[in-house]
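**Q** Take this structure, written in structure tokens, and hold onto it; I'll ask about it next.
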Amino acid sequence: MTEFGTTDDGNQERFIGPLPREGSVGCTNDYVCQNYSYSSILSKSETGYVGLVNQAMTCYLNSLLQTLFMTPEFRNALYKWEFEESEDGAVTSIPYQLQRLFVLLQTSKKRAIETTDVTRSFGWDSSEAWQQHDVQELCRVMFDALEQKWKQTEQADLINQLYQGKLKDYVRCLECGYEGWRIDTYLDIPLVIRPYGSNQAFASVEEALHAFIQPEILDGPNQYFCERCKKKCDARKGLRFLHFPYLLTLQLKRFDFDYTTMHRIKLNDRMTFPEELDMSTFIDVEDESPQTESCTDSGAENEGSCHSDQMSNDFSNDDGVDEGICLESSSGAERISKVGIEKNSLVYELFSVMVHSGSAAGGHYYACIKSFNDEQWYSFNDQHVSKITQEDIKKTYGGSSGSRGYYSSAFASSTNAYMLIYRLKDPTRNAKFLEMNEYPEHIKQLVQKERELEEQEKKQREIERNTCKIKLFCMHPVKQIMMENKLEVHKDKTLKEAVEIAYKIMDIEEAVPLDCCRLVKYDEFHDYLERSFEEEEEDIPMGLLLGGVKSTYMFDLLLETRRPDQVFQCYKPGEVMVKVHVVDLKTESVAPSISVRAYLNQTVTEFKELISKAVRLPAETMRVVLERCYNDLRLLSVGSKTLKAEGFFRSNKVFVESSESLDRQMAYTDSHLWKLLDCHANTIRLYVSLPEHTPGSQFKRTVNQKASGDSGNLDEACARVKGPLGNMISVEAILEESTEKLKSLSLQQEQEGDNGDSSKSTEASDFENIESPLNEVDSLTSVENRELENQIQISDPENFQSEERSDSDVNNDRSTSSVDSDILSSSHSSDTLCNVDNAPIPLANGLDSHSITSSRRSKANEGKKETWDTAEEDSGTDSEYDESGKSTGEAQYMYFKAEPYAADESSGEGQKWLLVHVDKRITLSAFKQNLEPFVGVLSSHFKVFRVYASNQEFESVRLNETLSSFSDDNKITIRLGRALKKGEYRVKVYQLLINEPEPCKFLLDAVFAKGMTVRQSKEELLPQLREQCGLDLTIDRFRLRKKTWKNPGTVFLDYHVYEEDINISSNWEVFLEILDEAEKMKSMSQLAVLSRRWRPSEMKLDSFQEVVLESSSVDELKEKLSEISGIPLEYIEFAKGRGTFPCDISVLEIHQDLDWNPKVSTLNVWPLYICDDGAVIFYRDKTEELIELTDEQRNELMKKESSRLQKTGHRITYSPRKEKALKIYLDGAPNKESTQD
């Protein structure tokens, strides 16, 4: 059974159930009411007994194992068995693993021990620990497995000797006295709580036992065919106990099935059980008549109808005679004499009660067991063992204090006895547990072995308790990569020894010698060096330096390295770390950071002096800007203020500039410094995946010459393109010339920059002058780009055909598939795209490698990377492209730099990447325009997809929004395909298959436009359906209709206009339904419903049929249903389906659960509310009677329905979750293929 810690009982009395948790009942005073932790299993319970750790849902196993352990006869017999196989076979040997477990339960000093070795010997993996099972089922399966393992050993018949009893299943003719009978064996006696069909539960175990052997009369249609009378006669059928086992197991059948609700239920009725049970009253001493004859099988037609389903007959073929008296094998006088002896010795004492707390859906097992050593009762509740009293046992009777009425079980305690085990009181047979000196030699060796292992484990735990475990970081001296590991060092190891351990862990022996390394306290979150250790601290134990052994530390350790010619800096506690970036206004560059240490009580003036020494810049003209938090740039202008007052913390970042320029005299927010830092702070790093190039395509484009007013550069370009091709030229040629010009301009600029200060950046400028958006070079670049946009045109963009590739074929499993059916409708072939590996295009406003640092964003902001807002993908298009595909907005210039990037091999062969640094305030429109030279097509002919952490891609379509939701290292995928124009929407088309198990199937992505009619959209879909989906349709044999989740809705008529008659939005979804005949829907006044006939006499549902109504009249609906079914109009009954299409419902529920034949005259009123197309209507013939099912047929049908409805993902109200059969595998783990259900 599934376990949970709470119970259904609100009673707060003291009881011996599961440990009290929130919402659970109380516990006894002997209970240790504490939360379970690993440390709690290290100290043994004060009772002297050891508990068992619950693996997950193995409480049923723990209860049974503790009961077997506390049974002297079973434990002693198990100890006498000797394991003689190889060491490898020990893992799969169930008896050996039970031996080990029992030895540990007897000798361990822990509070609780694991059962994983036992379950592993069963052939179970870790998933079995999460399966719910019944303790009685486990008992039977485990006993069977032990018998198989013990074959041909001294213990071969142990289970039968201890647990097996015998009974006679008989039928006696009431006319001639002839009796037919059969001998059955049993391992437990199942006792019903309530008789079938009764609302009164049995009061006690004795009452249930009397009912168990109470015979029934077979009369009327159930008469018995007597072999002697040669006719059907009245007869008496029943059971007689012939022998009771030494250990008597009684199962209280508290789990039942309610055929009214079709749910499995638990019966919590009160049933008492005695501490001593006299079974002599249940031995039948009735004198047998001479006519009684023995046979192997009775002739009763209804054999087994009363009790055979209650009996467990796994051992019915075993005809071995157990100890005791077999009544059927003796003469009359001898038999009566032996029965008298048997009766006097049939007193049993209770020693184990296995308790279930919870419901039929899930619960928790624990065991109450009496020790035969001291006669004391104990509660074995997984890892907890505690003393309990006889009063606690009585609380497991179940029920409530009220009368035993029909509903008493619903309000009763859910904690009650489930299995009872009694032992025969016989001084000659009652055994005591073996003493240590009585153990067989192999058990003594096993005890010694387990003690040594436990002692070794104890020493290991002692080492663990004295080991400091702390995060260790190290910046690799060569690779300059921050490495992370865990340093585990004994608290008595010195700092010097800890450095040696860290040195080996970080594997930097080849990069730096050991004497160039040291450990310092480090705060990884703030990237802050807290303090260094002095030389005199090298011999101090790490336990003292770290403040003791702790589970977690508030700081980390950094293995700091230096070059042999360097000296380590001293880091004092209380200092703050400041990363200083020097800004050069002339080159517009930001240098890499250098670290300085300062004190919070220092003034700004003193801080400037400190920085001046570190960076060798004059403090008098120095401006210091503190980046207090993300994008908060604050000028430190008051020299007398302390750093603490200015907002300095553990780790800080400042920018310093010290020049004689007039920029110092300007207001800070108007200064060049502020604009430069503002741009720097807003620049992010993106990885852009470019589309793959398709070789071999040769597309030519018409070049339209500019008017006479164009610039000379353009005239020159136009003159160059004239040649043998006339006015045709490839895009590749234009881009190559543009690229060469950019390269020459950039080279010229670099050469001019070389004449300046050699310490400055080799590139002329890292940031564009923000006051004048375009410098000379950028103006030329912009002219070239505009030139390309004007030149690359098509005479007939709408009808131009190109070799296309649909990304939806590749990506239709993504949540947003790209649309490529109209790729490059006015675009270029993929062989004209810029090859970024062979011909990178350096831009004049390129950023050098120091201007954007990877550590620019504090780690406190790293969490923002996954919290981007996807509203731009969901809130519509808002396209800025006009009908010709040109951008209608004038984009403000923002910083942009792109360069080829070599991704790892996992990104795919031939995949092209760009590393882009861009101001995140740039709009998506401007960002796409900047990418044009690298993609090789106009921005209107490629799409931008944002890649999320789960590798899902969502298209970014709102061109007027900025990249502010992006952050460093986000990934972007570029896909070819015409971007949406104004008034266009991307639409997902799904096929509606009303009679298929999965009625909703994705077909393709399409583009619908405002003002387009439904028929026009269908015409555009036809070729796409043919090419991408293999559907060769005609325009009149399919329809489009509204899709809401999986529900089909309004049928769209051909003359409907999008945005006028049909509301449409971005990423809209629509159903495509193939018609078997011509469209019947001609008007909006019509109503299309989906009907399905229910046939109660066959317990089945017919396929869906569409019914088109001219109005919402119920009478018309019935008339239409009568026409298609042939049912007379007056016999038609209908009901509306519930839930999501196809409104699946079990055939066991449909006849009574739906609201059949509602008293309404129109469909659009309560309780139907059918106002739109697509509603599901079930109908039936009211004269057709529901078939009567036998219990077997009902159960079989219920299994089929459960399987069917689970496959379709619909709610099942009548069936509990499927339980996995409990199996024990004798030869280790099962073959997965052969054991699958």
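The values are calculated or read from the model by the stated rules, or taken from the named source; none is laboratory data. Nothing here was measured: the structure is a model prediction, and the numbers come from that model. Quick reminder, even Gly has a Cβ in these numbers, built from the backbone with ideal geometry, and neighbours come from all protein chains shown. Calculation scope for accessible area: heavy atoms of the full protein, side chains included, ligands and nucleic acids excluded. Shrake-Rupley method; radii C 1.70, N 1.55, O 1.52, S 1.80 Å.
**Q** How high is the FRET efficiency between residue 390 and residue 46 when r is their beta carbon distance and R₀ equals 25 Å, given to the nearest 0.05?
**A** Values: r = 20 Å, r/R0 = 0.82.
Efficiency at R0 = 25 Å is approximately 0.75.
**Q** Quote the FRET efficiency, to the nearest 0.05, computed for residue 551 versus residue 125 with a Förster distance R0 of 22 Å and r equal to the Cβ-Cβ distance.
**A** On the way: r = 31 Å, r/R0 = 1.39.
According to the calculation, E is roughly 0.10.
**Q** Contact order normalised by length for segment 542-602, with contacts defined as Cα pairs under 8 Å and 6 or more residues apart; what percent is it?
**A** On the way: 42 pairs, mean separation 15.4, N = 61.
Normalised by residue count, the contact order of segment 542-602 is 25 percent.
**Q** Using θ = phi - 60° and the Karplus curve 6.51 cos²θ - 1.76 cosθ + 1.60, what whole-Hz ³J(HN,Hα) does each residue of segment 989-995 get, with Gly and Pro shown as x?
**A** Working through the residues one at a time gives 10, 10, 8, 8, 10, 5, 10 Hz.
**Q** Please give the solvent-accessible surface of residue 1109 in Å², to the nearest 10, using a probe radius of 1.4 Å with every protein chain present.
**A** We get 0 Å² for residue 1109.
**Q** For a quick check of your reading of the filter: which trypsin sites (Lys or Arg not before Pro) in segment 954-991 sit in a DSSP loop and have no more than 15 other Cβ atoms within 10 Å?
**A** Passing both the DSSP loop test and the Cβ count: 982.
**Q** Carbon and sulfur atoms: what percent of the 1.4 Å accessible area of segment 138-282 do they account for? Let's see the in-between values first.
**A** Values: 2550 of 5520 Å².
Carbon with sulfur: 46 percent of the solvent-accessible area.
**Q** Something else now. When the convex hull of the Cα atoms of segment 508-596 is projected onto a plane and the area is averaged over all directions, what value comes out in nm²?
**A** Numbers: hull surface 33.9 nm².
With every direction weighted equally, the projected area is 8.5 nm².
**Q** Hand me the GluC sites (Glu not before Pro) from segment 967-1064 located in a DSSP loop with no more than 16 other Cβ atoms within 10 Å, in residue order please. Kindly include the intermediate steps, with their values, before the conclusion.
**A** On the way: sites: 984, 1019, 1020, 1027, 1059, 1060; in loops: 1059, 1060.
Those that pass, being in a loop and sparsely packed, are 1059, 1060.
**Q** Taking 10 °C and 1.306 mPa s as the conditions, I'd like the Stokes-Einstein D for segment 1003-1157 in µm²/s, using the Kirkwood hydrodynamic radius from alpha carbon pairs.
**A** So the translational diffusion coefficient is about 89 µm²/s.
**Q** Would you pull out the residues with amide H under 5 Å of residue 529's amide H, same chain only if 5 or more places away, H placed 1.01 Å from N?
**A** 523
**Q** Distance between Cα centroids, segment 971-1014 to segment 1057-1099: provide it in whole Å.
**A** Rounded to whole Å, the Cα centres lie 18 Å apart.
**Q** Scan segment 607-688 for trypsin sites (Lys or Arg not before Pro) in coil per DSSP, keeping those whose Cβ has at most 16 other Cβ atoms within 10 Å, and list them by number.
**A** Values: sites: 608, 613, 616, 623, 628, 634, 641, 644, 650, 653, 664, 675, 685; in loops: 616, 628, 641, 644, 650.
Sites meeting the loop and neighbour criteria: 616, 628, 641, 644, 650.
**Q** Any idea of the accessible area per residue across segment 1063-1169, 1.4 Å probe, to the nearest Å²? Don't skip to the answer; put the middle values down first.
**A** Numbers: 5060 Å² over 107 residues.
Roughly 47 Å² per residue, with all protein chains present.
**Q** Now a separate question. Can you list the residues, at least 5 places off or on another chain, whose amide H is less than 5 Å from the amide H of residue 386, using H built in the peptide plane?
**A** HN-HN under 5 Å from residue 386: 379, 381.
**Q** Given a cut-off of under 8 Å on Cα pairs at least six residues apart, what relative contact order in percent is computed for segment 90-209?
**A** Working: 85 pairs, mean separation 18.4, N = 120.
Over segment 90-209, the number comes to 15 percent.
**Q** What whole-number volume per residue, in cubic angstrom, does the convex hull of the C-alpha atoms of segment 1166-1207 give?
**A** Details: hull volume 5.6 nm³, N = 42.
Value for segment 1166-1207: 134 Å³ per residue.
**Q** So, with a 1.4 angstrom probe, what is the percent of accessible area on segment 60-117 that is carbon and sulfur?
**A** Values: 740 of 1740 Å².
Result for segment 60-117: 42 percent of the exposed heavy-atom area is carbon or sulfur.
**Q** Per-residue HN-Hα couplings for segment 142-154, Karplus 6.51 cos²θ - 1.76 cosθ + 1.60 at θ = phi - 60°, whole Hz, x for Gly and Pro?
**A** 5, 4, 5, 5, 5, 4, 5, 6, 8, 4, 6, 10, 4
**Q** Still on this structure, I have one more. With every protein chain present, what accessible area does residue 229 have (1.4 Å probe, heavy atoms only), rounded to the nearest 10 Å²?
**A** 40 Å²
**Q** Sticking with this structure for a sec: Averaged per residue, what accessible area in Å² does segment 138-222 show with a 1.4 Å probe, protein chains only?
**A** About 38 Å² of surface per residue is accessible.
**Q** Hey, another quick one. Please calculate how many Å² of accessible area segment 464-542 carries per residue, with a 1.4 Å probe and no DNA, RNA or ligand atoms counted. Show your work: numbers first, answer last.
**A** Values: 4350 Å² over 79 residues.
Value returned for segment 464-542: 55 Å² of accessible area per residue.
**Q** Still on this structure, I have one more. Explain nothing, just the number: dipole magnitude of segment 1104-1188 about its Cα centre with +1 on each Lys and Arg Cβ and -1 on each Asp and Glu Cβ, in debye rounded to the nearest 20. Intermediate values should be presented prior to the final figure.
**A** Details: 7 positive and 18 negative charges, 45 e Å.
Dipole size: approximately 220 debye.
**Q** What share of all Cα pairs of segment 937-1096, in percent, falls into each consecutive 10 Å distance bin?
**A** Distribution as computed: 9, 33, 32, 17, 7, 2, 0 percent.
**Q** Please give the contour-minus-distance gain from residue 565 to residue 507: 0.36 nm per residue of separation, less the Cα-Cα distance, rounded to one decimal in nm. Let's see the in-between values first.
**A** Values: separation 58, 0.36 × 58 = 20.88 nm, distance 2.18 nm.
So the chain would gain 18.7 nm between residue 565 and residue 507.
**Q** Over the Cα atoms of segment 577-660, what Rg and Dmax result, in angstrom?
**A** Considering segment 577-660 through its Cα atoms, Rg and Dmax are 11.7, 35 Å.
**Q** Assign one of three labels to segment 62-150, namely rounded, prolate or oblate, based on the Cα gyration tensor with a ≥ b ≥ c the square roots of its eigenvalues; rounded applies when a/c is under 1.5, prolate when it is not and a/b is larger than b/c, and oblate otherwise. Numbers along the way, then the final one.
**A** Values: a/c = 1.22, a/b = 1.11, b/c = 1.10.
It comes out rounded by the Cα gyration axes.
**Q** Per the 1.4 Å probe, what fraction of the accessible area of segment 609-672, in percent, lies on carbon and sulfur atoms?
**A** Details: 1780 of 3470 Å².
In segment 609-672, the share of accessible area belonging to carbon and sulfur is 51 percent.
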